[in-house]
2 protein chains.
Amino acid sequence: MAATETLTAERILEATEEVLRRHGPAKATVVDVARALGVSHGSVYRHFRTKAALREAVTKRWLDRTSEALDGIAGDGSRDPEARLRDWLAGLFTAKRRKAGDDPELFATYSVLAGEQVGAVAEHIDELTEQLTRIVADGVAAGVFHSDDPAVSARAVFQATGRFHDPAYAGEWDRPEADADFAAAVDLLLRGLRA
Amino acid sequence: MAATETLTAERILEATEEVLRRHGPAKATVVDVARALGVSHGSVYRHFRTKAALREAVTKRWLDRTSEALDGIAGDGSRDPEARLRDWLAGLFTAKRRKAGDDPELFATYSVLAGEQVGAVAEHIDELTEQLTRIVADGVAAGVFHSDDPAVSARAVFQATGRFHDPAYAGEWDRPEADADFAAAVDLLLRGLRA
DNA sequence: CTAATGACAGATTTCAATATCTGTCATTCA
DNA sequence: TGAATGACAGATATTGAAATCTGTCATTAG
């Protein structure tokens, strides 16, 4: 079905996301994706060199949706850097938590890729760290933060809050202490950043 | 062999550790342990109710060796709290890193238990957090640290440094950036604690 | 001439039969 | 009498044969 429309990378990505959502990362084969599109699996390979590349592309698209939302906070130079940092960290935690809850199968795919140290995940992390760096640098410029090197501080903040965004900890995000722990972490880190 | 000596829990733990070291956590059955001791596996069950209890006991013994070494640092009230905290965190990182490198099979066992949220691991974490709390409280008493609640701050510090002691991250401990990342994390957290 | 196909080899996964293990307990041994 | 045994049922792991999948490519279709 739908063989009337041209087969684009975008359509394949949509179908893959759907198959992944339904079957999870373990099942969800290239053949399944092709079946869902009503084409032969050879056609899928015309657009993605390997199954790994396809999974990575789907995950990248999915991760980019998070980055974009946070980018708005990071880039809003009109606001107080401290409030922006708090909002950004809270936004990241909330987004990951929601993704883990709403799209467990896609999230599982992302967790697998994160464990495999795949390029798309590394890029996502770099992107987030750059956003953080911007906030820290703005804070330093405004005189409210101290940092010898905003990139180093941003990296430290990102890693120190790993428990609240690293998929390895997803199982702990629903525990009742999670929010208090998050608040304590943010308070401590902000004290460390203040000029 | 060695059937002459009495079978004690201690001897079973030693044999289990040896079997675990040799075979890893996947293999390493109760039957193997019994074989290594030259007794029937029923005898092992006289000392440990389940296989899980045996694994946990072995891991506990192994974890306790770490706690004891660090306890010396935490309890040394004569030293500057900031230096003690730095040494304690560095000691924990070094110890975990060495355990992961020297005893990969035992470490894998510990990682599995950590993932399963087992009691012995929770106790180990509580113990470490208490040591940290002592250092923070000493620092507050000496006027060099600020904290509304040393237990909360200690917990935050412990979680924020998870990347450097949580077995989930063991794969990253040998990367060249690890030491710089650790230093940045400790610096930031200490700034956050200072009065 | 480009997009799509489907047959193919080798790799991976599935599945069911088989073997091993866990945990119990009536019995044996010292 | 208390420690150790070994046979046992049910659960789990291993194995190897069959099925499916990945990635390629010569061929077909438009």
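Taken together, the values in this text are just the output of simple stated rules run on the coordinates, not laboratory data. These numbers come from a predicted model, not from an experiment. With ideal geometry, Cβ positions are generated from the backbone for all residues, glycine too; neighbour counts draw on all protein chains shown.
For the protein assembly as shown, what does the helix formula give at 222 nm: sum of -39500 (n - 2.57) over DSSP H segments with n ≥ 4, over the residue count, nearest 500 deg cm²/dmol?
Values: 18 runs with 280 residues, N = 390.
Using -39500 (n - 2.57) per qualifying helix, the result is -23500 deg cm²/dmol.
Approximating the spin labels as points 7 Å out from Cα along Cα→Cβ, the A:HIS41-to-A:ASP187 distance works out to 5.5 nm.
The same position A:THR8 in the other copies lies at 7.5 nm from this copy, comparing label points 7 Å beyond Cα toward the beta-carbon, shortest first.
Inter-copy label distances for A:GLU123: 4.8 nm (label point placed 7 Å from Cα along Cα→Cβ; shortest first). Protection proxy ranking for A:171-181, B:7-17, A:132-142, using the average of other Cβ atoms within 10 Å per residue and placing the highest first: A:132-142, B:7-17, A:171-181. With each label modelled as a point 7 angstrom along the Cα→C-beta vector, the B:GLU5-B:HIS146 pair spans 5.7 nm. Sites listed here are chymotrypsin sites (Phe, Trp or Tyr not before Pro) in segment B:1-81 whose DSSP assignment is loop and whose Cβ has at most 16 other Cβ atoms within 10 Å, and the list is empty. Close amide H contacts of B:PHE145 (hydrogens built in the peptide plane, cut-off under 5 Å, sequence separation of 5 or more or a different chain): B:VAL140, B:ALA195. Counting only other chain Cβ atoms within 10 Å of each residue's Cβ, the peptide A:178-184 averages 3.
Grab the beta carbon distance between B:SER78 and B:ALA53, set R0 = 45 Å, and tell me the FRET efficiency rounded to 0.05. Efficiency for this residue pair is about 0.65. Taken as Cα centroids, segment B:27-82 and segment A:140-195 sit 34 Å apart, rounded to the nearest whole angstrom. Which lysines does B:LYS27 reach when only Cα atoms under 19 Å apart count, and residues fewer than 8 places away in its own chain are ignored? List returned: B:LYS51. Relative to the longest principal axis of the Cα atoms of chain B, the long axis of helix B:178-193 makes an angle of roughly 50 degrees.
For the peptides A:182-190, B:92-100, what is the packing order when you average, over each peptide's residues, the other Cβ atoms within 10 Å and list the highest mean first? Please report the intermediate quantities before stating the final value.
Details: A:182-190: 20.2, B:92-100: 17.8.
Ranking the peptides A:182-190, B:92-100 by packing returns A:182-190, B:92-100.
In segment B:1-151, taking the dipole from charged Cβ atoms about the Cα centre, the farthest positive-side position among B:THR29, B:LEU85, B:GLN117 is held by B:THR29.
Comparing A:THR50, A:THR161, A:THR59 in a Gaussian network model of chain A where C-alpha atoms under 10 Å apart are linked, the largest mean-square fluctuation is found at A:THR50.
Each residue of segment B:100-116 is assigned a 3J(HN,Hα), and the resulting list reads 4, x, 7, 10, x, 6, 5, 4, 4, 4, 4, 4, 4, 4, 4, x, 8 Hz, derived from the Karplus form 6.51 cos²θ - 1.76 cosθ + 1.60 (θ = phi - 60°), x at Gly and Pro. Simple spin-label estimate for B:GLU14 and A:ALA122 gives 4.7 nm between the two label positions (7 Å along the Cα-to-Cβ direction from each Cα).
Using the Cα gyration tensor of segment B:113-190, with a ≥ b ≥ c the square roots of its eigenvalues, what is the shape: rounded (a/c below 1.5), prolate (a/b larger than b/c) or oblate (neither)? It comes out oblate by the Cα gyration axes. The other copies place their A:ASP102 label points at 4.9 nm from this one, listed shortest first, where each point is 7 Å from Cα along Cα→Cβ.
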